[in-house]
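Read the structure below first, then the notes.
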Amino acid sequence: MNFPDGFVFGAAASSYQIEGVWNEDGKGESIWDRFAHTPGKIKNGDTGDVACDFYHRYAEDIALMKELGLHAYRFSINWPRVLPDGLGRVNEKGLDFYKRVVDELLAAGIKPCVNLYHWELPQALQDQGGWMNRDCAAWLADFAALMVESLGDRVTDWMTLNEPMMVAALGHVMGWHAPGYRKPLQFFKVVHHLMLGHGLAARSIKAGEPDAKVGIALDLRPIYPLTGSKKDRRAVVKADALMRRTFLDPIFHGEYPPQFTDQLWPARVKIEPGDMQTIAVPLDYVGINTYTRDRVRFNRWAIGMGFSGVGPEAPDGEFEQDGVQYTSMGWEVYPPVLYEVLMLLKNEYGNPACYVTENGAAFTDTVVDGRVHDEKRTAYLQAHLAGVRQAIDEGSNCRGYFVWTLLDNFEWAEGYSKRFGIVYVNHRTQERIVKDSGRWYQSLIAAQG
Ligand code: IFM
C-alpha cells in the first residue's frame, strides 16, 4: 500500500494514559487523578498513578518509536504537571520533562505534535466549575501561551483539544469520565466553553509563534440508523447535528447547527458577541479520531437530543455477531469509517488539510514465547489504512495517520483491561514487546521509501 510523498505515519498517546508519576516533582492534582482515586469509578480499581511509567522511560520508548520508523508522535501535556494550580505558579520540573521529551524526539528524527488538552483539567480549576465556567476558555488560552513560550522554538505542530464531544458527553452527561457529572443540560454549556477555549488557545499559539501549525482533534464517526424506519432516519439527522456538526460547523462556518442553538436558552448558555468569530479561527488542519461507526434510533426521552446510540453489550473480550467482528471495547469493526469521514470533510467542509489523529483497536493479546500474534489488530489497521488510501485517491486532503496507540495503556474507565497498543506492556514489570501489528506498521512505513 503506497501513500503520497510526505504522508506522515505516526502514533498518538495522551499524558494521563501513559506517564504515571501523578504526585511527584511538583505536579498538581488533575480531575483524572481525583476521579480514578474515587472507589468504583474505574474497572478493577485501576488508576493512572504509574501507567506505563513513561515519565521515567520516555527515552527507551522514543528509541522504540525510532526503531519502528515513526515520522511523528502526538502527545499531550498534563496541565497540572506544568501549572499545579491550573494558572499562575509554574512548575519548572514539569516543563523540563516535556522539554526533554521534545529534545529526545527531535534527536530521534521524530516530529513532536503537541496536543494541549487531553482531558487532564487541574482539579483546582474544576473546583471553580471547570468547563461549566466560561473562564475555563481563557485558562486554556493562558496554558497554551505558556507551552508555546516553552516549546515553541522546537515544536511546530499543535492541537488545542482532543475530542471535545467526549469531554462534554462522557464527563458531564454520562458520568463515565472525570469529572463524573450526570447533568445533561450542562452539555451545551461545556461544549460552548470548550469551543471558545479552542479558539482562544489557537490564537494564543499563533500569537506566540506565528509560523506554528494549529489544529484540533475531533471524534467524527459515520452515523447510521438502527432500522430503515422514518423515525430512526430522522434520529440520524439529529445525531449528526449534535455529534459532528456542533463541532465542525462553528469551526468551518462560524455557527452552531439549529439543533444545538435550540437548546441554548433552556441550558442557559450565553453566546457573547464575538464568540463565534473566535471559534472560527482559521486552522492549519483538522484531526480526526475515528474507530467505528454509530448506530442510532429515535428516543423521545433523550432530553435535548431525540436519539440514542445502540450497540451490543460489550463482554470482556472481543466477539463476532452476525459475521461482524467487534473489538474488546464492543465496537463494531467497520473498515470504511475513515473513508466515509474523510469524504464528509471533503464534500461538505471544503476539503481541509487533515490528519487521522487516532485510529486503532483493542483486542485481547497474549504473549506466547515472547511474541504477541495480534492478527486481528494488523487486519484492522490494514483495512482502515486502505480506506484512507481510497479517500486520497478520490481527492481527500489527508496528510497523515497516527495509530492509537504505541503502548498498551490506561484506557480511562476501563483501566488496563483493554489493550490498544502496537507495543505490548506488561503492567507489572513494565516490559515492552513489539506486537506483530507493530512490526507490520514498521514494514509499511519502511516500504514507503
Ligand atoms: O484511549 C482513547 C483516547 O484517549 C481518546 N480517543 C479514544 C481512545 C480509545 O478509547
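The values are calculated or read from the model by the stated rules, or taken from the named source; none is laboratory data. Note that the structure is a prediction, hence the values are computed from the model and not measured. So basically every Cβ, Gly included, is an ideal-geometry build from the backbone, and we count neighbours across all protein chains shown.
Contact map, the range 280-299: residues that are closer than 14 Å to L218 by Cα and within 16 Å of the ligand (Cβ to nearest atom) paired with residues that are among the aromatic types (F, W, Y) and part of a strand (DSSP E or B), Cβ distance under 6 Å, separation 6+ or inter-chain. Pairs shown: G287/Y355. Of the residues making up the range 233-253, not a single one is surrounded by fewer than 19 Cβ atoms within 10 Å (Cβ to Cβ) and on the phi > 0 side of the Ramachandran plot.
Restricting M166, M174 to residues that are surrounded by fewer than 21 Cβ atoms within 10 Å (Cβ to Cβ) and part of a loop (DSSP other than H, G, I, E, B) narrows the list to M174. Cβ separations smaller than 8 Å between residues 6+ apart or across chains give the following pairs from the range 74-88 residues that are part of a loop (DSSP other than H, G, I, E, B) to residues that are of a type in the set (V, I, T): I77/V114; L83/V90. Quick one: which residue in G171, G199 is modelled with pLDDT of 95 or more, of a type in the set (G, A, S) and within 16 Å of the ligand (Cβ to nearest atom)? Result: G171 is the single residue among G171, G199 that is modelled with pLDDT of 95 or more, of a type in the set (G, A, S) and within 16 Å of the ligand (Cβ to nearest atom).
Of the helices (runs of 4 or more DSSP H) lying entirely inside the range 201-290, those containing at least 2 residues that are touching a Gly at 6+ places or on another chain (Cβ under 7 Å) span 230-240, 275-279. With the condition kept exactly as written, say whether any residue in the range 426-439 is surrounded by 24 or more Cβ atoms within 10 Å (Cβ to Cβ), part of a strand (DSSP E or B) and modelled with pLDDT of 95 or more. Scanning the range 426-439, I find no residue that is surrounded by 24 or more Cβ atoms within 10 Å (Cβ to Cβ), part of a strand (DSSP E or B) and modelled with pLDDT of 95 or more, so the answer is no. Under the condition of being in a loop (DSSP other than H, G, I, E, B), out of contact with any Ser or Thr (no Cβ under 8 Å at 6 or more places or on another chain) and among the hydrophobic types (A, V, I, L, M, F, W, C), the residues counted in the range 352-383 number 2. Scanning the range 419-441 for residues that are closer than 16 Å to L385 by Cα and within 16 Å of the ligand (Cβ to nearest atom) yields a count of 2.
Somewhere in the range 23-43, is a residue in a strand (DSSP E or B), touching a residue at least 60 places away in the same chain (Cβ under 8 Å) and either crowded, with 20+ Cβ neighbours inside 10 Å or not acidic (D, E) (or both)? Scanning the range 23-43, I find at least one residue that is in a strand (DSSP E or B), touching a residue at least 60 places away in the same chain (Cβ under 8 Å) and either crowded, with 20+ Cβ neighbours inside 10 Å or not acidic (D, E) (or both), so the answer is yes. Here is the figure for the range 315-328: residues that are in a loop (DSSP other than H, G, I, E, B) and either in contact (Cβ under 8 Å) with a residue 60 or more places away in the chain or buried (at least 17 other Cβ atoms within 10 Å of the Cβ) (or both) total 4.
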